[in-house]
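Structure below; questions to follow.
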Amino acid sequence: LAQARAETTAAVDCPHFERCGGCDLLHLPYEEERARKRQVFVSLVARHPELEGAVVLPLLAAERPLFWRTSLKVPFGWSGSRPIAGFFEPGSHRIVDLEGCAVQLPRLVDLIHRTRALDRVLLHNHFV
């Protein structure tokens, strides 16, 4: 999946996209994502008169446009009687139960899965 995005202009198909607030540009080809991020930054700079005349350099491309994010904050909660973990829906505190993530380092996604599974075991043993 990571190489597919890096080598083509195809957007990534993520099962959590639109519900997950973790990334809102993943549906775009990578070059367009970079262009939009740069435009957002240019707009922010333009709002500050003290930065007038500042040169905004081109946005560098990521070495790996997917599976690069190395830090995360993961909310844990409950859905019925089972623990869930993932990311908040945009503009809310509703948790999208994460199965996979196209930008998060795979080892960290695995850690989420293992922690959620441990939570199931510990709480099941505690309440039985």
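The values are calculated or read from the model by the stated rules, or taken from the named source; none is laboratory data. Only a predicted model underlies this, so the values are computations on that prediction, with no experimental measurement involved. A quick note on method: Cβ atoms are made from the backbone with ideal geometry, for glycine too, and the neighbour counts reach across all protein chains shown. For accessibility, only protein heavy atoms count, side chains too; no ligands or nucleic acids. Shrake-Rupley method; radii C 1.70, N 1.55, O 1.52, S 1.80 Å.
Got a number for residues in segment 103-119 being within 14 Å of Gly21 (Cβ to Cβ) and either open to solvent by 70 Å² or more (accessible area, probe 1.4 Å) or touching a helix residue (DSSP H, G or I) at 6+ places or on another chain (Cβ under 9 Å) (or both)?
The total comes to 1.
Pick from Val74, Val96: which is within 25 Å of Pro29 (Cβ to Cβ) and either touching a residue at least 60 places away in the same chain (Cβ under 8 Å) or under 12 Å from the mean Cα position of the chain (by Cα) (or both)?
So the residue among Val74, Val96 that is within 25 Å of Pro29 (Cβ to Cβ) and either touching a residue at least 60 places away in the same chain (Cβ under 8 Å) or under 12 Å from the mean Cα position of the chain (by Cα) (or both) is Val96.
Moving on. Suppose we keep only residues that are small (Gly, Ala, Ser) and not in a loop (DSSP other than H, G, I, E, B) within segment 58-79. Which one would you say is most open to solvent (accessible area, probe 1.4 Å)?
Among them, the one singled out is Ser79.
Take the conditions open to solvent by 70 Å² or more (accessible area, probe 1.4 Å) and modelled with pLDDT of 80 or more and apply them to Arg82. Does it pass?
yes
Out of (1) touching a strand residue (DSSP E or B) at 6+ places or on another chain (Cβ under 9 Å); (2) under 21 Å from Arg19 (Cα atoms), what's the single condition that is false for Ser71?
For Ser71, the exception is condition (1).
If you go through segment 20-55, how many residues are at pLDDT below 90 and in a loop (DSSP other than H, G, I, E, B)?
Adding up the residues that qualify gives 10.
Please go through segment 85-102 and pick out each residue that is part of a loop (DSSP other than H, G, I, E, B) and surrounded by 18 or more Cβ atoms within 10 Å (Cβ to Cβ). Walk me through how you get there before you give the answer.
Our first condition is that a residue be part of a loop (DSSP other than H, G, I, E, B); within segment 85-102, this holds for 89-94, 98-102.
Of everything in segment 85-102, those that are part of a loop (DSSP other than H, G, I, E, B) and surrounded by 18 or more Cβ atoms within 10 Å (Cβ to Cβ) turn out to be Leu98, Cys101, Ala102.
Answer yes if at least one residue in segment 52-69 is over 16 Å from the mean Cα position of the chain (by Cα), more than 25 Å from Thr115 (Cα to Cα) and in contact (Cβ under 8 Å) with a residue 24 or more places away in the chain, and no otherwise.
To start, the set of residues in segment 52-69 that are over 16 Å from the mean Cα position of the chain (by Cα) comprises 52-61, 63.
Restricting the remaining residues to those that are more than 25 Å from Thr115 (Cα to Cα) gives 52-61, 63.
Then drop every residue that is not in contact (Cβ under 8 Å) with a residue 24 or more places away in the chain, which leaves 59, 61.
Scanning segment 52-69, I find at least one residue that is over 16 Å from the mean Cα position of the chain (by Cα), more than 25 Å from Thr115 (Cα to Cα) and in contact (Cβ under 8 Å) with a residue 24 or more places away in the chain, so the answer is yes.
Which numbered condition trips up Glu33, out of (1) under 21 Å from Ala102 (Cα atoms); (2) open to solvent by 90 Å² or more (accessible area, probe 1.4 Å)?
(2)
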